[in-house]
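Could you have a look at this structure, given as structure tokens, before my questions?
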Amino acid sequence: MEKPNGSTWHYGVVARWWAEFNEGGEEIDYFRRYVEAAQPALDVACGTGRLLLPYLRAGLDVDGCDISEDMLALCREAAAREGLTPTLYTQPMHELDLPRRYQTIVVCGALGLGSSREQDLEALRRLHEHLEPGGVLLLDNEVPYANATLWQYWLKEKRAELPRPRREPGDRRSGKDGAEYELRSRVVDFDPLAQQATLKMQALMWRDNELVAEEEHVLTMTLYFKDEVVLMLERAGFEHVCVRGQYNDAEPTVADDFLVYIARRAA
């Protein structure tokens, strides 16, 4: 599938890499409690099914959506191998228009990826509209200062070093599909006014030590601080917005790299 506008990199070889290696994580069990408590649920930006497939195995009523048809195709294949038939939609968050309403919506690791601030705010409005009254949105987001590579480019003298050169070849990873993969990312631009980073990803795949695919994709990332996300959620219509630490239900601290936002639609 042709990717829209080159703003995300979750296609082609990158999608295959995701399916092979992006598994597990503490987020799965953390969000599962909320999904178990209130269904139906929607996994937004579900990708190749890192959260969705464990929930479906457990018999939970969960749909999925993602901007990348490549990701969703690999999710369907993985589900079919287990006899599962998920309901999946190919839609970006800011254009979300599904036939169903949900008690719980989970957005894991997707806010600000390949989108503008205006699109992110519209996405939150759409998510609000897709909740049943009293429904809950769970959204996690990495704090900007957790990423040391990007944090340095808030400084003018460090931005003068951009774009960074292509990385040298590194270690390949062997997939269950018999192929070998390598991803090489680099920062090419950083705009502190827009709080947006632009990265390029070189994705390579080998079979029998022969290079069979080489791609380059672009990803834009809009970086958000805690109170920005709270204000955006409130502006999108949510009530009772609370912030928790890194998948632990505790009050957030400066040691948390990820924060979880729990927002409800009014009953």
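The values are calculated or read from the model by the stated rules, or taken from the named source; none is laboratory data. All of these numbers come straight from a predicted model, not from anything done at the bench. We place every Cβ from the backbone using ideal geometry, glycine too, and count neighbours over all the protein chains shown. Protein only, heavy atoms only, side chains kept; ligands, DNA and RNA dropped before computing areas. Shrake-Rupley method; radii C 1.70, N 1.55, O 1.52, S 1.80 Å.
Once every Cα of the stretch 136-260 carries one equal point scatterer and solvent is ignored, give the base-10 log of I(q)/I(0) from the Debye formula at q = 0.20, 0.21, 0.22 Å⁻¹, two decimals.
-1.08, -1.12, -1.16
State to the nearest 20 debye the size of the charge dipole of the stretch 189-267 about its Cα centre, where the only charges are +1 on K and R beta carbons and -1 on D and E beta carbons.
Values: 7 positive and 15 negative charges, 88 e Å.
In debye, rounded to 20, the stretch 189-267 gives about 420.
Which one, Val218, Leu98, Ala79, is farthest towards the positive end of the dipole of the chain when Lys and Arg carry +1 and Asp and Glu -1 on their Cβ?
Projecting each Cα onto the dipole axis, the largest value belongs to Val218.
222 nm [θ] for the chain, helices only, -39500 (n - 2.57) per DSSP H run of 4+, per residue, to 500? List each step's numbers first, then the result.
Details: 8 runs with 72 residues, N = 267.
Only helices count here, giving -7500 deg cm²/dmol.
Keeping all protein chains in the complex and leaving out DNA, RNA and ligands, what accessible area do you get for Asp257 with a 1.4 Å probe, in Å² to the nearest 10?
So the heavy atoms of Asp257 present about 70 Å² to solvent.
Could you compute the net charge surrounding His94? Neighbours are other residues with a C-beta less than 13 Å from the C-beta of His94; K and R count +1, D and E count -1. Walk me through the numbers on the way to the answer.
Working: positive: Arg117, Arg125, Arg126; negative: Glu95, Asp97, Glu118, Asp120, Glu122, Glu129.
Spelling it out: positives minus negatives among the neighbours equals -3.
So which trypsin sites (Lys or Arg not before Pro) in the stretch 90-170 are both in a DSSP loop and have at most 15 other Cβ atoms within 10 Å of their Cβ? Provide the component values of the computation, followed by the final result.
Details: sites: Arg100, Arg101, Arg117, Arg125, Arg126, Lys156, Lys158, Arg159, Arg166, Arg167; in loops: Arg100, Arg101, Arg166, Arg167.
Of the trypsin sites (Lys or Arg not before Pro), the ones in loops of the stretch 90-170 whose Cβ has at most 15 other Cβ atoms within 10 Å are Arg100, Arg101, Arg166, Arg167.
Heavy atoms only, probe 1.4 angstrom, no DNA, RNA or ligands counted: give me Glu82, Glu27 ranked by accessible area, highest first.
Result of the area sort, largest leading: Glu82, Glu27.
Given Cα pairs under 8 Å that are at least 6 residues apart, what percent is the relative contact order of the chain? Intermediate values should be presented prior to the final figure.
Values: 533 pairs, mean separation 51.2, N = 267.
Once normalised by length, the contact order is 19 percent.
Under a Cβ-Cβ cut-off of 12 Å, what is the net charge of the residues other than Glu228 that fall near it, where Lys and Arg count +1 and Asp and Glu count -1? Please list the in-between numbers first.
Details: positive: Arg117, Lys226, Arg235; negative: Asp120, Asp227, Glu234.
Net charge in that neighbourhood comes out at 0.
Go through the stretch 185-196 residue by residue and turn each phi into a ³J(HN,Hα) via Karplus (6.51, -1.76, 1.60, θ = phi - 60°); whole Hz please, and just put x for glycine and proline.
For the stretch 185-196, the Karplus-derived couplings read 10, 8, 8, 10, 7, 8, 10, x, 5, 7, 6, 10 Hz, x marking Gly and Pro.
Can you work out the Karplus-derived ³J(HN,Hα) for every residue in the stretch 150-165? Use 6.51 cos²θ - 1.76 cosθ + 1.60 with θ = phi - 60°, whole Hz, and x for glycine or proline.
After applying 6.51 cos²θ - 1.76 cosθ + 1.60, I find 7, 4, 5, 7, 5, 8, 4, 5, 7, 5, 5, 7, 8, x, 6, x Hz.
Under 8 Å for C-alpha pairs, at least 6 residues apart: give me the relative contact order for the stretch 112-243, rounded to a whole percent.
Numbers: 178 pairs, mean separation 35.6, N = 132.
The value is 27 percent.
While we're looking at this one, here's another question. Could you work out what % of the accessible surface of the chain is carbon and sulfur, using a 1.4 angstrom probe and leaving DNA, RNA and ligands out of the count?
Numbers: 5950 of 12700 Å².
Result for the chain: 47 percent of the exposed heavy-atom area is carbon or sulfur.
Hey, can you find the accessible area per residue of the chain for me, probe 1.4 Å, expressed in square angstrom? Intermediate values should be presented prior to the final figure.
Values: 12700 Å² over 267 residues.
Per-residue value: 48 Å².
In square nanometres, what is one fourth of the surface area of the convex hull spanned by the alpha carbons of the chain? Walk me through the numbers on the way to the answer.
Working: hull surface 57.8 nm².
Averaged projected area of the chain's Cα convex hull equals 14.4 nm².
On to the next question. Less than 13 Å Cβ to Cβ from Arg173, Lys/Arg counted +1 and Asp/Glu -1: what total charge do the surrounding residues give?
Values: positive: Arg16, Arg172, Lys176, Arg184; negative: Glu20, Glu23, Asp171, Asp177, Glu180, Glu182.
Net local charge, Arg173 excluded: -2.
Ok, one more. Have a look at Pro165, His10, Cys65 and report the one farthest towards the positive end of the charge dipole of the chain, computed about the Cα centre with Cβ charges (Lys/Arg +1, Asp/Glu -1).
Of the options given, the answer is Pro165.
Report ³J(HN,Hα) in whole Hz for each residue of the stretch 108-122, in order, from the Karplus equation J = 6.51 cos²θ - 1.76 cosθ + 1.60 where θ = phi - 60°; Gly and Pro get x.
Each residue of the stretch 108-122 in turn: 10, x, 10, 4, x, 8, x, 9, 8, 4, 4, 5, 5, 5, 4 Hz.
To continue, here is another question. Given the options Thr149, Val136, Gln196, identify the residue whose Cα lies farthest towards the positive end of the charge dipole of the stretch 118-260 (+1 on Cβ of Lys, Arg; -1 on Cβ of Asp, Glu).
It is Thr149, whose Cα lies furthest towards the positive end.
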